[in-house]
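Chemist: Next up is a structure, given as structure tokens.
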Amino acid sequence: MSKVLIIGAGGVGRVVAHKCAQASDVFTGITLASRTESKCKAIAAEIKFPVKTARVDADNVPELVALLKKEQPKLVINVALPYQDLSIMDACLEVGVDYLDTANYEPLDTAKFEYSWQWAYQDRFREKGLMALLGSGFDPGVTNVFTALAARKYLDEIHELDIIDANAGSHGQPFATNFNPEINIREVTAPCRHWEGGGWVETPALSTRRSFDFPEGIGPMNIYRMYHEEMESLVKHIPTIRKAQFWMTFSDNYLKHLEVLQNVGMTRIDEVEFQGMKIVPLQFLKAVLPDPGSLGPLTKGKTCIGIIGRGIKDGKRKQVYIYNICDHEECYREVNSQAISYTTGVPAAVGGIMMLTGRWHKPGVWNMEQFDPEPFLERLSVMGLPHVVVEGEWPEL
Ligand code: NDP
């Protein structure tokens, strides 16, 4: 019996539930739990395989423990928000259940992206014979696995890494984010850091722009350098990496709206007094922006997320580009979600399959690049996200 408990019934939770249901060779029972149970029920109603639902406040460890004892899953897939990572890990330790997530823990009051809090659980998970797999989405997640593949198969030593994430799709809204607006805006407005010369180099948010010519008809787009959490684990676990940068496309329209929202204080994450109440402007902004789940039927176009690894093979300089292209409308036809949720939810389900089948199972707390990339990529491809490997030359970014 490989029962899974999925926590979080947003855009990503919907895709994870659909994909786990499609993999009934591995997942013999599925429970979907979230703060608002009606959202779980709406998702369960879309799926032929029986999906149980429950209400849980994942900030509350005793509530989580009670749910885990009742449902007795082998694995928890956490696709709630990064704020809940530690409480869910605590509950998993208490009951003795494996854990997987797609985003590293963040405290509510500071947009601080680092693995330190979750890596600190290493001994506790190992001693209990339990496993936690961190960051099993696309980026982090598949980008870590692509980097491991480049470093193991295509290069003898990887020296420079560029992770490049393009959303070449459009939803036709004046301003909306493709996943949880609060998490998205915290990430995008945080100071940029990249790895170079053995340390982190900080530059102002979105201050470095390049153009990159994306494959398969997408063409040139502006990309902006920003901090992204997978760089922290990759430079630790693949120490030959001398320079690591993360790049993302943003439309001029998105950047214009974001600048205004920042200038007027709407992206603040500290509390302000409003009509006798305390509110956090960014949380209020989330409430008035379109729900990313509602963008599914509106979004057209493609995503292209990949990595360029540059280094040495057989004594010669070599470069490899590994990427996936995903089509928003095809995703919507399959699972009622656009490609951003799809590219996150499918790798979460595949990470779960790797753990439950024992292909990737070791007690402790692990990042994706610490395992053999090939079985993961094989299953990922079968489940909807194939990848392309191109050896060639790309301009330095
Ligand atoms: P959504 O905001 O759409 O969904 C989040 C869900 O979590 C909602 O159903 C919400 O419930 C639920 N939730 C929030 N707080 C709690 C709580 N205290 N207890 C129980 N449930 C709670 O987010 P997304 O689906 O877009 O994103 C989910 C996760 O995926 C995020 O952590 C995000 O950072 C990560 N992500 C990772 C990516 C990657 O490639 N690695 C890319 C994109 C996202 P309610 O409906 O009541 O608000």
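Any read-out appearing in this document is the output of simple, stated calculations on the displayed coordinates, not a laboratory observation. These figures come from a predicted structure and were not determined experimentally. Cβ sites come from the backbone with ideal geometry, for glycine too, and all protein chains shown count toward neighbours.
Chemist: At a 10 Å Cβ-Cβ cut-off, how would you order Val288, Val390, fewest neighbours first? Provide the component values of the computation, followed by the final result.
Modeler: Details: Val288 8, Val390 13.
Least to most surrounded, the residues fall as Val288, Val390.
Chemist: Ok, one more. How would you classify segment 183-223 from its alpha-carbon gyration tensor, with a ≥ b ≥ c the square roots of the eigenvalues: rounded for a/c under 1.5, else prolate if a/b is greater than b/c, otherwise oblate?
Modeler: Working: a/c = 2.65, a/b = 1.57, b/c = 1.69.
Judged from the Cα gyration tensor, segment 183-223 comes out oblate (a/c at least 1.5, b/c at or above a/b).
Chemist: By how many nm would the segment from Arg126 to Asp270 lengthen if fully extended, with 0.36 nm per residue of separation less the alpha-carbon distance? All intermediate terms of the calculation are to be shown ahead of the outcome.
Modeler: Working: separation 144, 0.36 × 144 = 51.84 nm, distance 3.65 nm.
The span from Arg126 to Asp270 would gain 48.2 nm if fully extended.
Chemist: Counting other C-beta atoms within 10 Å, and keeping those with at most 14, which DSSP coil trypsin sites (Lys or Arg not before Pro) do you find in segment 13-62? Write down the numbers at each step before the final one.
Modeler: Numbers: sites: Arg14, Lys19, Arg35, Lys39, Lys41, Lys48, Lys52, Arg55; in loops: Arg35, Lys48.
Answer in residue order: Lys48.
Chemist: Right, another one. Who wins for biggest fluctuation among Arg242, Arg333, Arg379 in a Gaussian network model of the chain, springs between alpha carbons below 10 Å?
Modeler: In this elastic network of the chain, the residue with the biggest mean-square fluctuation among Arg242, Arg333, Arg379 is Arg333.
Chemist: Also, I was wondering about something else. What length, rounded to one decimal in nm, is gained on full extension from His159 through to Val389, with 0.36 nm per residue of separation minus their alpha-carbon distance?
Modeler: Details: separation 230, 0.36 × 230 = 82.80 nm, distance 1.80 nm.
Result: 81.0 nm gained on full extension.
Chemist: If R₀ is 22 angstrom, what is the calculated FRET efficiency for the pair Ala54 and Ser24, using the beta carbon separation as r and rounding to 0.05?
Modeler: Details: r = 20 Å, r/R0 = 0.92.
After rounding to 0.05, the efficiency reads 0.60.
Chemist: Kirkwood Rh, segment 321-397, all Cα pairs: how many Å? Please report the intermediate quantities before stating the final value.
Modeler: Details: mean 1/r = 0.0709 Å⁻¹.
The Cα-based Kirkwood calculation yields 14.1 Å.
Chemist: Here's something else I'd like to know. Let me check I've understood the local charge: for Ser34, count other residues with C-beta under 11 angstrom from its C-beta, Lys and Arg +1, Asp and Glu -1. What total comes out?
Modeler: +3
Chemist: With a cap of 13 neighbouring Cβ atoms within 10 Å, and only residues DSSP puts in a loop, list the GluC sites (Glu not before Pro) found in segment 224-303. Please list the in-between numbers first.
Modeler: Working: sites: Glu229, Glu230, Glu232, Glu259, Glu271, Glu273; in loops: Glu229, Glu271.
Sparse-neighbourhood loop GluC sites (Glu not before Pro): Glu271.
Chemist: Here's another thing I want to ask about it. Give me Asp59, Asp270, Asp162, Asp252 sorted ascending by neighbouring Cβ count inside 10 Å, so fewest comes first. All intermediate terms of the calculation are to be shown ahead of the outcome.
Modeler: Values: Asp59 16, Asp270 11, Asp162 24, Asp252 8.
Arranged by neighbour count, lowest to highest, Asp59, Asp270, Asp162, Asp252 become Asp252, Asp270, Asp59, Asp162.
Chemist: Also: Which one of Val346, Val15, Val51 has the biggest mean-square fluctuation once the chain is modelled by GNM with Cα springs under 10 Å?
Modeler: Between Val346, Val15, Val51, it is Val51 that shows the largest mean-square fluctuation.
Chemist: Another one. Okay, helix-only estimate at 222 nm for the chain: each DSSP H run of n ≥ 4 adds -39500 (n - 2.57), divide by all residues, round to 500 deg cm²/dmol; what do you get? Intermediate values should be presented prior to the final figure.
Modeler: Numbers: 14 runs with 135 residues, N = 397.
Counting only the DSSP helices, I get -10000 deg cm²/dmol.
Chemist: A further question follows. Assign one of three labels to segment 131-177, namely rounded, prolate or oblate, based on the Cα gyration tensor with a ≥ b ≥ c the square roots of its eigenvalues; rounded applies when a/c is under 1.5, prolate when it is not and a/b is larger than b/c, and oblate otherwise. List each step's numbers first, then the result.
Modeler: Details: a/c = 3.90, a/b = 1.82, b/c = 2.14.
Oblate is the answer for segment 131-177, as a/c is 1.5 or above yet b/c matches or exceeds a/b.
Chemist: Please identify, among Thr203, Thr343, Thr177, the residue showing maximal mean-square fluctuation in a Gaussian network model of the chain using a 10 angstrom Cα cutoff.
Modeler: Thr203
Chemist: How much net charge surrounds Leu81 when only other residues with a Cβ under 9 Å from its Cβ are counted (Lys, Arg +1; Asp, Glu -1)? Present the calculation step by step, with values, prior to reporting the outcome.
Modeler: Details: positive: none; negative: Asp85, Glu106, Glu182.
Counting the neighbours of Leu81, the net charge comes to -3.
Chemist: Taking the Cα centre of each part, how many Å lie between segment 321-344 and segment 114-184?
Modeler: 17 Å
Chemist: Sticking with this one: So, with +1 on the Cβ of K and R and -1 on the Cβ of D and E, and no other charges, what is the size of the charge dipole of the chain about its Cα centre, to the nearest 20 debye? Working shown, then result.
Modeler: Numbers: 41 positive and 50 negative charges, 130 e Å.
Dipole of the chain, to the nearest 20 debye: 620 debye.
Chemist: Within straight cross-link reach of Lys153, meaning Cα distance under 21 Å, which lysines are found once same-chain residues fewer than 8 apart are removed?
Modeler: Lys236, Lys243, Lys313, Lys316, Lys318
Chemist: Per the Kirkwood treatment, what hydrodynamic radius in Å, one decimal, follows for the chain from the mean inverse distance over all distinct Cα pairs? Intermediate results must be reported in sequence, preceding the final value.
Modeler: Values: mean 1/r = 0.0469 Å⁻¹.
Evaluated on the chain, it is 21.3 Å.
Chemist: Using a Debye calculation, one point per C-alpha and no hydration shell, please list log10 I(q)/I(0) for segment 3-134 at q = 0.19, 0.23 Å⁻¹ in order.
Modeler: Rounded to two decimals, the profile gives -1.05, -1.44.
Chemist: If we count every other residue with Cβ under 15 angstrom of Trp247's Cβ, Lys/Arg +1 and Asp/Glu -1, where does the sum land? All intermediate terms of the calculation are to be shown ahead of the outcome.
Modeler: Numbers: positive: Arg193, Arg209, Arg210, Arg225, Lys243, Arg310; negative: Asp139, Glu160, Asp162, Asp165, Glu187, Glu196, Asp213, Glu229, Glu230, Glu396.
Local net charge: -4.
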